[in-house]
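Visitor: One structure coming up, written as structure tokens, with questions to follow.
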Amino acid sequence: MTASTQHVKSQDALLPRHPDTRLEADWLFLYETLPPTKWFNAEYVYKTSGWLNIHADIRKRQHILTQISDAYQSGDIDWAQYRSQILPRINQYVFKLHQHHSIEDNSYFPAFIRMYPPLKTGFEILDRDHVRLDGLLHELQALNGQLAKSEGENKVLSEQLHKTLINVSNLLSQHLSDEEDLVIPILGLN
Ligand SMILES: [Fe+2]
Ligand SMILES: [Fe+2]
């Protein structure tokens, strides 16, 4: 490998992972030291895996909800199956996410800002994501409440739920990725 290809490779490795990342180059000094390729190395994994596992669980729950909704929208399951599968899962999902965000907002993020003041603006972006996600989760919970009362088929309601799930999924994928790129190196290196 020549010096110039080595340079290009290392530049690539430093980019945050999400295509629409909001993270600025100035905030990536820890990410450069501990990039995602090292997060599961033996010397870091015991400090990084707790956070990554919680996010993996959130992604899995979101994926299952989207699958159920897709299956109903494409006619693979009927209203009764759709309703019985998605109702309890949305309730658990909203509860889990609120719980996770509240620990981050009240405990972890303020501590990380005290440790690394230059990252404050990055954590403010994540805070604002939580506010937007709260709004979407509130909408999701309200639609789920209507679903609980709708024994008869209601296609308009299922379409609204589907759209809200997609909005949550899109914001969450950007949020979790940017959050990990900022937080996991802090956890691993301390
Ligand atoms: Fe978060
Ligand atoms: Fe998180």
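Visitor: Mind putting a number on the dipole of the chain about its Cα centre? Charges go on the C-beta only, +1 for Lys and Arg and -1 for Asp and Glu, and I need it in Debye to the nearest 20.
Guide: On the way: 18 positive and 24 negative charges, 58 e Å.
Around 280 debye, computed over the chain.
Visitor: Computing the accessible area with a 1.4 Å probe over protein heavy atoms, can you report the carbon and sulfur percentage for the chain? Each step should come with its number before you reach the end.
Guide: Details: 5560 of 10280 Å².
Solvent-exposed carbon and sulfur of the chain make up 54 percent of the total.
Visitor: In sequence order, what are the phi-derived ³J(HN,Hα) couplings for the stretch 115-126 according to the Karplus relation 6.51 cos²θ - 1.76 cosθ + 1.60 with θ = phi - 60°, rounded to whole Hz, with x for glycine and proline?
Guide: Using θ = phi - 60°, the values come out as 6, 9, x, x, 8, 3, 4, x, 5, 5, 5, 5 Hz.
Visitor: Between residue 114 and residue 92, what FRET efficiency comes out of the Förster formula 1/(1 + (r/R0)^6) with R0 = 22 Å and r the beta carbon distance, rounded to 0.05?
Guide: Details: r = 33 Å, r/R0 = 1.49.
Plugging the Cβ-Cβ distance into 1/(1 + (r/R0)^6) gives 0.10.
Visitor: Which aspartates and glutamates, on any chain, are close to residue 47 with Cα under 20 Å apart, when same-chain ones fewer than 8 places away are left out?
Guide: 32, 57, 104, 105, 178, 179, 180, 181
Visitor: Per residue, what accessible area does the chain have, given a 1.4 Å probe and all protein chains present, in Å²? Each step should come with its number before you reach the end.
Guide: Numbers: 10280 Å² over 190 residues.
Using a 1.4 Å probe on heavy atoms only, each residue of the chain averages 54 Å².
Visitor: Ok, one more. Considering the options 25, 56, 118, tell which one lies farthest towards the positive end of the dipole of the chain, charges being +1 on Lys and Arg and -1 on Asp and Glu at the Cβ, about the Cα centre.
Guide: Going by the Cα projections, it comes out as 56.
Visitor: Using the Karplus equation 6.51 cos²θ - 1.76 cosθ + 1.60 (θ = phi - 60°), what ³J(HN,Hα) coupling, rounded to whole Hz, does each residue of the stretch 170-178 give in order, writing x for Gly and Pro?
Guide: With the stated coefficients, the stretch 170-178 comes to 5, 5, 5, 5, 5, 5, 5, 5, 5 Hz.
Visitor: Within straight cross-link reach of residue 60, meaning Cα distance under 16 Å, which lysines are found once same-chain residues fewer than 8 apart are removed?
Guide: List returned: 96.
Visitor: A further question on this structure: Determine ³J(HN,Hα), in whole Hz, for all residues of the stretch 44-53 in sequence, where each value follows from phi through the Karplus function 6.51 cos²θ - 1.76 cosθ + 1.60 and θ = phi - 60°; x replaces Gly and Pro.
Guide: My calculation for the stretch 44-53 gives 10, 4, 5, 9, 9, 6, x, 5, 5, 5 Hz in order.
Visitor: At most 14 other C-beta atoms within 10 Å and a DSSP loop state: those are the exposed GluC sites (Glu not before Pro) I care about. Give me the longest piece of the chain that has none.
Guide: Numbers: sites that count: 24, 151, 153.
The reported range is 25-150.
The values are calculated or read from the model by the stated rules, or taken from the named source; none is laboratory data. As the structure is a computational prediction, the values presented were derived from the model and not from experiment. In this analysis, Cβ positions are derived from the backbone assuming ideal geometry, glycine residues included, and neighbour counts consider all displayed protein chains. What goes into the accessible areas is simple: the full protein's heavy atoms, side chains included, and nothing from ligands, DNA or RNA. Shrake-Rupley method; radii C 1.70, N 1.55, O 1.52, S 1.80 Å.
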